[in-house]
Amino acid sequence: MSDSGNIIHKVHEKVRIFDRYPYAAHLYVTERCNLACQYCSEYDNTLPHPKTGDLKKWMKKIKELGVLRLGLQGGEPLLHPDIVELVRYSKNLGFHEVGMSSNGFPLNRKMIWELDSAGLDKLQISVDRMTPVKSTKKSLAKIMHKLAWFRDSDIRIHVSAVLLDDTVQETQQLIDTCLDLGIPVQSRVVHDDLINNRKLKSSESIEKMLQLIKYQERLKKRGEKIHSSWNIIDYQKNILLNKPVNWTCVAGYKYFFVSARGKFWPCSQFRSDMDIMKVTPPYLHTFNCKKPCQEGCGIYCIVGLSLVVSHPLVHLAKKTRRGMIKRIKGYHS
């Protein structure tokens, strides 16, 4: 894409954040997973992969509704036998960005090359600790050698970790190791499991979590590759301190999920039996409201977009102020 084309592309995306059409969606391409993390409510190994034809049909519907950014989710999306074909099809539909979240375990060099050739834009690699424990096997030690395989790839990668009781002791080491490798990284506070009514944060870990969020904030101020936005960093500090946050959740309106059975879900923790093929723009507009479950919400993709839509001037001021600080520090270094 030319420089002028790229500018038009970015302007179009910025405008689309504030119109009345959905901006982003996640599609579960499978519910199967090779791991069984204790905090996760998004896998079911008793179910088969959805048919490729059905997934393509749902992708087309998502695009027709106006979505610009598509995320392919699981389970573990790399387990779907036609995942490369699905990436290629989604790019051919014209989504501005196609991303994926994976634990990285199924990755090999051939698969990375195929996903790159198919047009995958970004890959979030979900890693919780340096070393595996019973509650989560997603350790950096298991997949670190694979990160080097992306050096010759156009796929943008970042490592994303979950802050919970079993990970806080190794989180700083994980963050520092990724930054030493030049890999963008974030570690975010675990969200409660509303599907199974489970609280996943213990009071004993709150202060440790808060210090680790502040640690990432300091690194980001120094210009390190912390992937979390300023909005999300501030938001996490507030929820850990039990401070109120004024915002309107855009789940189901600007951002929604589609299950591996083709059901429309406003978000991963707020599910419905509505067939995605029956969803209309007026139906999406009914979700443009505050939600009873939004206080303390930890679905950060939803929260991040919601905060921008709710307070665009505050978001712009934060980016401008911190961008100026970064430039001034760079000038004096």
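Within segment 67-80, identify whether any single residue is of a type outside the set (A, V, I, L, M, F, W, C), modelled with pLDDT of 95 or more and surrounded by fewer than 19 Cβ atoms within 10 Å (Cβ to Cβ), and answer yes or no. There is no residue in segment 67-80 that is of a type outside the set (A, V, I, L, M, F, W, C), modelled with pLDDT of 95 or more and surrounded by fewer than 19 Cβ atoms within 10 Å (Cβ to Cβ). Of all residues in segment 273-304, exactly one satisfies the criterion of being within 15 Å of HIS26 (Cα to Cα) and among the hydroxyl-bearing types (Ser, Thr, Tyr), namely TYR300. Taken over segment 154-194, residues that are surrounded by fewer than 16 Cβ atoms within 10 Å (Cβ to Cβ) and hydroxyl-bearing (Ser, Thr, Tyr) amount to 0.
A residue that is hydrophobic (A, V, I, L, M, F, W, C), touching a Cys at 6+ places or on another chain (Cβ under 9 Å) and more than 30 Å from PRO48 (Cα to Cα) occurs nowhere in segment 218-226. Six or more apart or on different chains, Cβ under 7 Å: which pairs go from a residue in segment 260-288 that's modelled with pLDDT under 95 to one that's exposed (fewer than 15 other Cβ atoms within 10 Å of the Cβ) and not acidic (Asp, Glu)? Could you list them? Every condition considered, the pairs that remain are GLN269/ILE195. Could you please let me know if SER135 is surrounded by 18 or more Cβ atoms within 10 Å (Cβ to Cβ), closer than 30 Å to GLU295 by Cβ, of a type in the set (Gly, Ala, Ser) and in contact (Cβ under 8 Å) with a residue 24 or more places away in the chain? Here the answer is no, as SER135 does not meet what is asked. Against the definition (modelled with pLDDT under 90 and out of contact with any Ser or Thr (no Cβ under 9 Å at 6 or more places or on another chain)), how does SER41 come out, yes or no? Spelling it out, it is not the case that SER41 is modelled with pLDDT under 90 and out of contact with any Ser or Thr (no Cβ under 9 Å at 6 or more places or on another chain). The residue pairs whose first member lies in segment 207-219 and is closer than 16 Å to VAL162 by Cβ and without any contact (Cβ under 8 Å) to a residue 60 or more places away in the chain, whose second member is surrounded by fewer than 22 Cβ atoms within 10 Å (Cβ to Cβ) and charged (D, E, K, R), and whose beta carbons are closer than 7 Å, counting only pairs six or more residues apart or on different chains, are LEU210/LYS237; ILE213/LYS237. Could you tell me whether LEU93 is free of Cβ contacts under 8 Å to residues at least 40 places away in the same chain, touching a Pro at 6+ places or on another chain (Cβ under 8 Å) and not acidic (Asp, Glu)? It is false that LEU93 is free of Cβ contacts under 8 Å to residues at least 40 places away in the same chain, touching a Pro at 6+ places or on another chain (Cβ under 8 Å) and not acidic (Asp, Glu). Selection within segment 147-158: residues that are in contact (Cβ under 8 Å) with a residue 40 or more places away in the chain and under 20 Å from the mean Cα position of the chain (by Cα). The member of this set that is farthest from MET111 (Cα to Cα) is HIS158.
Can you name the residue in segment 27-41 that is of a type outside the set (Gly, Ala, Ser) and more than 22 Å from VAL84 (Cβ to Cβ) and, of all such residues, is surrounded by the fewest Cβ atoms within 10 Å (Cβ to Cβ)? Ranking the candidates gives GLN38 first. Within segment 119-132, the residues that satisfy the criterion of being part of a strand (DSSP E or B) and modelled with pLDDT of 95 or more are LYS122, LEU123, GLN124, ILE125. Which one is surrounded by the most Cβ atoms within 10 Å (Cβ to Cβ) among residues in segment 289-300 that are modelled with pLDDT under 95 and of a type in the set (A, V, I, L, M, F, W, C)? Going through the qualifying residues, I end up with CYS297. Using beta carbons and a limit of 9 Å, which pairs, at least six apart or on different chains, have the first residue in segment 42-57 and over 14 Å from PRO77 (Cβ atoms) and without any contact (Cβ under 8 Å) to a residue 60 or more places away in the chain and the second one crowded, with 16+ Cβ neighbours inside 10 Å and among the hydroxyl-bearing types (Ser, Thr, Tyr)? Hits for this filter: PRO48/THR30; LYS56/TYR89; LYS56/SER90.
Restricting segment 133-155 to residues that are closer than 24 Å to VAL98 by Cα and in contact with an Asp or Glu (Cβ under 8 Å, 6 or more places away or on another chain), the residue that is modelled with the lowest pLDDT is LYS138. Looking at segment 29-56 only, could you name the residues that are closer than 26 Å to ASP128 by Cα and touching a helix residue (DSSP H, G or I) at 6+ places or on another chain (Cβ under 8 Å)? Once the filter is applied, which keeps residues that are closer than 26 Å to ASP128 by Cα and touching a helix residue (DSSP H, G or I) at 6+ places or on another chain (Cβ under 8 Å), segment 29-56 yields VAL29, THR30, ARG32, CYS33, ASN34, HIS49.
The values are calculated or read from the model by the stated rules, or taken from the named source; none is laboratory data. This is a predicted model, so every value here is computed, not measured. Here Cβ is always computed from backbone atoms with ideal geometry, including for glycine, and neighbour counts include all displayed protein chains.
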